[in-house]
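Below: one structure, written as structure tokens.
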Amino acid sequence: MALLGQIDAVAIDGPAGSGKSTVSRLVADKLGYVYIDTGAMYRALTLKVMRKNICLGDEAAIVDLSGNVDIQLIPARSGGPIRVILDGEDVTEEIRAMGVTVNIKHVCKLAGVRENMVRMQREMASRMGGTVMEGRDVGTVVLKGARSKFYLDASFDERVERRLAELRAKGQPITRAEVADDLKQRDHTDKTREVGPLKKADDAELLDTTDLTIDQVVDMIVLKVKGK
Ligand code: DC
């Protein structure tokens, strides 16, 4: 259902560990919308840069690559994770490796990269109809006209605990101090990036998820979207 001047999409932004990936997937499932994870797209591009041994300081080469990369997001059923396909290869697990997480800031800060990624993200949203798109700049840049916008946040300590639990569940050997350090750095680079920084859109609703369960957040968002 396309509304005048608005895009039939739910934009969900927020810092790492705010719960937005799980929440976005489940909201999409409940609304029968397609879930688009923009972070996964930046991760896939970073993996390609690494595989090609492109120097992380070579802006021209990285921007050029971002204009010639084939990234497909394959929706999974029942709130499960989407599959991320890079140039025909399933890289869903590989893009979550620490190496990608550490290097991604050099890739996603580049204006030319963001231009190409934003164009791909907009194309996906218009091709797929109703979408729940998750990221850092969805409400402020990618889908400014989204029908509903949310900015999820949680206390720093809570976000550290969530990330730690997530990484440990995957068997990654990492300490709480390392996770806290990584989150602090990511918050800083996300918020201070010159292009597409992490920022709450003026018309986004702020949801502090610190003391809320995933289900509570999902239900709140679904109710609000349906009520619009
Ligand atoms: O959502 P995530 O943690 O998987 O995102 C990985 C990185 O990608 C994150 O540190 C910031 C970047 N990112 C971005 O710059 N713009 C987006 N729309 C989404 C993610």
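The values are calculated or read from the model by the stated rules, or taken from the named source; none is laboratory data. Keep in mind it's a predicted model, so treat the numbers as computed, not measured. With ideal geometry, Cβ positions are generated from the backbone for all residues, glycine too; neighbour counts draw on all protein chains shown.
Applying the criterion of at least 2 residues that are under 23 Å from ASP29 (Cα atoms) and of a type in the set (D, E, K, R) to the strands (runs of 3 or more DSSP E) found wholly in the stretch 116-228 leaves 146-153, 205-208.
Restricting to the stretch 44-58, name every residue that is part of a helix (DSSP H, G or I) and within 16 Å of the ligand (Cβ to nearest atom).
Scanning the stretch 44-58 gives ALA44, LEU45, THR46, LEU47, LYS48, VAL49, MET50.
Return the only residue of MET117, MET128 being within 14 Å of the ligand (Cβ to nearest atom) and either under 20 Å from ALA40 (Cβ atoms) or at pLDDT 95 or above (or both). One residue alone meets the criteria, MET117. Residues in the stretch 1-43 that are within 20 Å of ASP182 (Cβ to Cβ) and either at pLDDT 95 or above or part of a helix (DSSP H, G or I) (or both): ASP13, GLY14, PRO15, LYS20, SER21, THR22, ASP37, THR38, GLY39, ALA40, TYR42, ARG43. For the stretch 148-183, a residue qualifies if it is of a type outside the set (Asp, Glu), surrounded by fewer than 17 Cβ atoms within 10 Å (Cβ to Cβ) and modelled with pLDDT under 95, and the qualifying residues are ALA165, ARG168, ALA169, LYS170, GLY171, GLN172, PRO173, ILE174, THR175. I need the full set of residues from the stretch 107-146 which are of a type in the set (Gly, Ala, Ser) and either in contact with a Gly (Cβ under 9 Å, 6 or more places away or on another chain) or under 14 Å from PRO197 (Cα atoms) (or both), in order please. Once the filter is applied, which keeps residues that are of a type in the set (Gly, Ala, Ser) and either in contact with a Gly (Cβ under 9 Å, 6 or more places away or on another chain) or under 14 Å from PRO197 (Cα atoms) (or both), the stretch 107-146 yields ALA111, GLY112, GLY130, GLY135, GLY139, GLY145, ALA146.
Does the stretch 126-143 hold any residues that are surrounded by fewer than 24 Cβ atoms within 10 Å (Cβ to Cβ) and in contact with an Asp or Glu (Cβ under 9 Å, 6 or more places away or on another chain), and which are they? Listed by number, the residues that qualify are GLY129, GLY130, THR140. Within the stretch 92-99, not a single residue is touching a Ser or Thr at 6+ places or on another chain (Cβ under 7 Å), within 12 Å of the ligand (Cβ to nearest atom) and at pLDDT 95 or above. Return the residue satisfying two criteria in turn: it lies in the stretch 14-31 and is in contact with a Phe, Trp or Tyr (Cβ under 7 Å, 6 or more places away or on another chain) and farther than 18 Å from THR101 by Cα, and of such residues it is surrounded by the most Cβ atoms within 10 Å (Cβ to Cβ). The qualifying residue surrounded by the most Cβ atoms within 10 Å (Cβ to Cβ) is SER24. Residues of the stretch 156-204 that are among the β-branched types (Val, Ile, Thr) and either farther than 29 Å from VAL113 by Cα or out of contact with any Lys or Arg (no Cβ under 8 Å at 6 or more places or on another chain) (or both): ILE174, THR175, THR192. Pairs linking a residue in the stretch 33-44 that is under 17 Å from GLY139 (Cα atoms) to a residue that is more than 10 Å from the ligand (Cβ to nearest atom) and of a type in the set (Lys, Arg), with Cβ atoms under 8 Å and 6 or more positions apart or on different chains, are TYR35/ARG25.
Hey, can you tell me all the residues within the stretch 72-91 that are assigned to a strand (DSSP E or B) and either within 13 Å of the ligand (Cβ to nearest atom) or in contact (Cβ under 8 Å) with a residue 24 or more places away in the chain (or both)? Explain how you work it out, then say what you get.
First, the residues of the stretch 72-91 that are assigned to a strand (DSSP E or B): 72-74, 83-86, 89-90.
Listed by number, the residues that qualify are LEU73, VAL84, LEU86.
GLY112 meets all of the listed conditions (1) modelled with pLDDT of 95 or more; (2) among the small types (Gly, Ala, Ser); (3) away from the ligand (no atom under 14 Å from the Cβ) but one, namely (3). The residues of the stretch 103-117 that are in contact (Cβ under 8 Å) with a residue 40 or more places away in the chain and not small (Gly, Ala, Ser), listed by number, are ASN103, ILE104, LYS105, HIS106, VAL107, CYS108, LYS109, LEU110, VAL113, ARG114, ASN116, MET117.
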